[in-house]
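Since the structure comes first, as C-alpha cells, the remarks are kept for the end.
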Amino acid sequence: MGVNGPKPLPALGNILMLYLKPFPIVELELLDKYGKIYGAFNGNLPVLTLSDPTFIKLILIKDFHNFTNRRKFNTKHEILDSNVLYSRDEKWKRMRSISSPVFSNIKLKKVYPLLMECVNDFLVVLRDYTQKGEEIDLKELSGNLSMDVIARCAFATKINAYRDRNNPFITSAKNIFHPTVFKIGASFLAPESLLKFLNITSIFDEKSNEFFFNISRELMNKRRINKEKHNDFLQLLVDTADEGEEADKNHKQSALKEDMTQNANLPKELSNEIINKNRKRLSLTDNEIISQSWLFLLAGYETASTAIAFCFYELALNPDIQDKVYDEIQAAIDPNAQMDYDILSTLPYLDAVISESLRRYPPFCRVEREVKSDYQLADTGITLKAGDLVHISIYAVHHNEEYFPNAQKFIPERFLAENRHTI
C-alpha cells in the first residue's frame with residue numbers, strides 16, 4: 001500500500017499488539033504515532049486503517065458498492081451464512097433490503113410493549129438494590145436487562161435473568177459469546193478442507209447455536225399451525241417472509257407474462273426454468289429467518305449491555321447531568337402512566353446523553369470492510385487491491401480532539417441541535 005504503520009511480525013502481522021494492551025489505548029497510540037491513515041497486517045492480510053471522515057465517507061457512502069463485504073470466514077455453515085453479517089455480494093444486498101423494514105418505526109412500535117415489560121422488571125431489581133443500599137454491578141445488571149429483552153423480543157421466551165443464572169437460555173447465550181482462540185484463528189487461517197475435516201462450521205459453540213435455532217424453528221412451526229400472531233421480532237420476520245412469498249408469486253407471474261410475450265414460441269417449462277434461475281427471491285427462507293433471529297442475540301446482547309452500563313456510569317459520575325435527564329423525562333410524561341414510544345423523540349437531552357456515551361464508549365472500536373475490486377483512495381496515491389481490508393477506526397474518530405474538543409470529557413451538550421454543526 002505504501003503507507004506508514006507498525007512493523008509486522010512474520011505470519012502474525014500486527015495481531016499481537018492487540019493482546020498486549022487494551023484495544024482503545026492501542027487505537028489512540030496508533031493515531032498519535034501514524035496519523036489518520038496507516039497500514040498494518042492481520043496475519044498476511046494488508047489492512048488500511050482510516051480515521052479521517054473525508055475518506056470514511058468515500059468508503060461507507062460514495063463508493064460503498066465496492067466495500068459491502070466483511071472479511072470472509074473460511075468456515076461454512078448452512079444457517080449462519082444466511083444472515084446479513086455473514087452473507088456477501090448480491091445475497092447480502094437481498095438480505096439487507098428484505099430485513100431492513102423490520103426495524104422501521106412502525107414495526108419497532110409493535111415490539112415496544114414487550115420492551116417496557118423487561119424495563120419494569122429491571123426497575124424492580126434496581127429499586128431492591130437501592131432500598132438495601134447495596135453496591136450495584138452495572139455491567140451484570142445491564143447484561144441481564146439485555147438478555148431479558150432479547151429473550152422476550154426476539155425469541156418470545158420469558159426468562160428470569162436476574163435470579164435464574166442457570167437458565168439454559170442464559171448459559172447457551174454466554175457460551176456463544178466465548179469462542180475459543182483456536183476456532184477464531186482457524187476460521188481465518190485454515191483452508192476450508194481442513195475446517196470441514198475438523199468439523200468446524202463456525203467460531204461459535206454449535207450446541208449453543210442449535211439451542212437457539214430450535215427455539216426459532218419450534219416457534220415458527222407452532223405459529224403457522226395455530227395461526228398465532230405475536231408482536232415480537234420473530235413475528236416481524238415471519239410476516240416479512242409471508243409478504244415476500246406473495247411478492248415472489250406476483251413477480252414470477254409478471255416475469256412469465258413478459259417473457260412469453262417476447263418469446264411466443266418458447267416452451268412454458270423452459271420459460272419457467274429461466275425465470276426461476278434468474279429472478280431475485282423477494283422472501284425469506286426459514287433458515288434465513290432462524291439465522292436473523294440468532295443474529296439479534298449476537299449483535300444485541302454485548303453491545304446493548306455495554307452501552308447501558310457506560311451510560312449509567314457517566315450519569316453516576318455527573319449528578320448534574322443526571323438531574324437534567326430526570327427533569328426532562330418528568331416534564332414529558334404522566335407520572336401515573338407508562339412512557340409512550342412517541343415520547344422518546346421529544347427528549348433531546350436524553351438523546352444527547354446517549355449519543356455522548358456512545359461517542360466515549362462505542363460498542364465496537366472498528367468497522368471492517370473487504371475491498372471487492374482494486375480501488376484508488378482519492379488523491380492519496382494509495383491503491384487498495386481486491387481482497388485487502390479497510391478498518392474504520394470509530395474509537396480514534398470519537399476521541400480525536402480535532403473533531404471533539406475535550407474528547408475525554410463527558411459533554412452531552414455537544415450533541416444538542418444547536419451544537420451539532422460544530423461536530
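Which ordering of L198, L234, L347 is given by a fewest-first count of other beta-carbon atoms within 10 Å? Please list the in-between numbers first.
Numbers: L198 12, L234 22, L347 18.
Exposure proxy ranking, most exposed first: L198, L347, L234.
Within a 10 angstrom radius of the beta carbon, how do T75, T380 rank from fewest other beta carbons to most?
With the sparsest Cβ surroundings first, the list reads T380, T75.
Would you please name the trypsin sites (Lys or Arg not before Pro) within segment 342-423 that are DSSP coil residues with at most 12 other C-beta atoms within 10 Å of their C-beta? Write down the numbers at each step before the final one.
Values: sites: R359, R360, R366, R369, K372, K385, K409, R414, R420; in loops: K372, K385, K409.
Hits after loop and neighbour filter: K385, K409.
Label segment 6-137 by shape, choosing from rounded, prolate and oblate, from the square roots a ≥ b ≥ c of the eigenvalues of the Cα gyration tensor; if a/c is under 1.5 it is rounded, and otherwise prolate applies when a/b is larger than b/c, oblate when it is not.
Verdict is oblate for segment 6-137.
Looking at segment 317-423, which GluC sites (Glu not before Pro) are in a loop (DSSP not H, G, I, E or B) and have at most 12 other Cβ atoms within 10 Å?
E401, E402, E418
For volume of the Cα convex hull per residue in Å³, pick the label among (1) 125; (2) 206; (3) 266 that corresponds to the value derived from the coordinates.
It is the one labelled (2).
Give the separation of the Cα centroids, segment 54-80 to segment 187-214, in Å.
So the separation of the two Cα centres works out to 21 Å.
Among I354, I59, rank each residue by its count of other Cβ atoms within 10 Å, from fewest to most, as a rough exposure measure.
Working: I354 17, I59 21.
Arranged by neighbour count, lowest to highest, I354, I59 become I354, I59.
Would you be so kind as to identify which of Y38, L20, M116 lies farthest towards the positive end of the dipole of segment 19-117, taking Lys and Arg as +1 and Asp and Glu as -1 on Cβ and the Cα centre as origin?
Positive-most Cα among the choices belongs to M116.
Using the alpha carbons of segment 101-187, what is the convex hull volume per residue in cubic angstrom, as a whole number?
137
Do the sum for the chain: with -39,500 (n - 2.57) for every DSSP H run of n ≥ 4, divided by all residues, what is the mean residue ellipticity at 222 nm, to the nearest 500 deg cm²/dmol?
-17500 deg cm²/dmol, from helical runs alone.
Find, among the GluC sites (Glu not before Pro) in segment 126-211, those assigned to loop by DSSP (not H, G, I, E, B) with at most 11 other beta-carbon atoms within 10 angstrom.
E134, E135
Taking a ≥ b ≥ c as the square roots of the Cα gyration tensor eigenvalues, with a/c under 1.5 meaning rounded and otherwise prolate when a/b beats b/c, else oblate, which class fits segment 366-423?
It is prolate, given that a/c is not under 1.5 and a/b is the larger ratio.
Would you mind checking the pairs K72/K174; K72/K196; K183/K385 and listing those with alpha carbons more than 18 angstrom apart?
Over 18 Å Cα-Cα: K72/K174; K183/K385.
In segment 391-423, whose amide N lies under 12 Å from the spot 7 Å out along Cα-to-Cβ of K57? List them in ranges.
Hits in segment 391-423 for K57 at 12 Å: none.
Tell me the Kirkwood radius of segment 188-241: reciprocal of the mean inverse pair distance over distinct alpha-carbon atoms, in Å.
13.6
Charges only on Cβ, +1 for Lys and Arg, -1 for Asp and Glu: so what's the dipole of the chain about the Cα centre, in debye to the nearest 20? Don't jump to the answer; show the numbers that get you there.
Details: 53 positive and 57 negative charges, 281 e Å.
The calculated dipole for the chain is roughly 1340 debye.
Considering only DSSP beta bridges whose two residues both sit in the chain, what percent are antiparallel, to the nearest 5?
Beta bridges within the chain, antiparallel portion: roughly 80 percent.
State the answer as a single residue: which of P335, S355, L389 lies farthest towards the positive end of the charge dipole of the chain, with beta carbon charges of +1 for Lys and Arg and -1 for Asp and Glu, about the Cα centre.
Projecting each Cα onto the dipole axis, the largest value belongs to L389.
Throughout, read-outs are computed from the coordinates displayed, never taken from laboratory work. This structure is a prediction, so every number in the text was calculated from the model and none was measured. Heads up, the Cβs are rebuilt from the backbone with ideal geometry, glycines too, and the neighbour counts pull from every protein chain shown.
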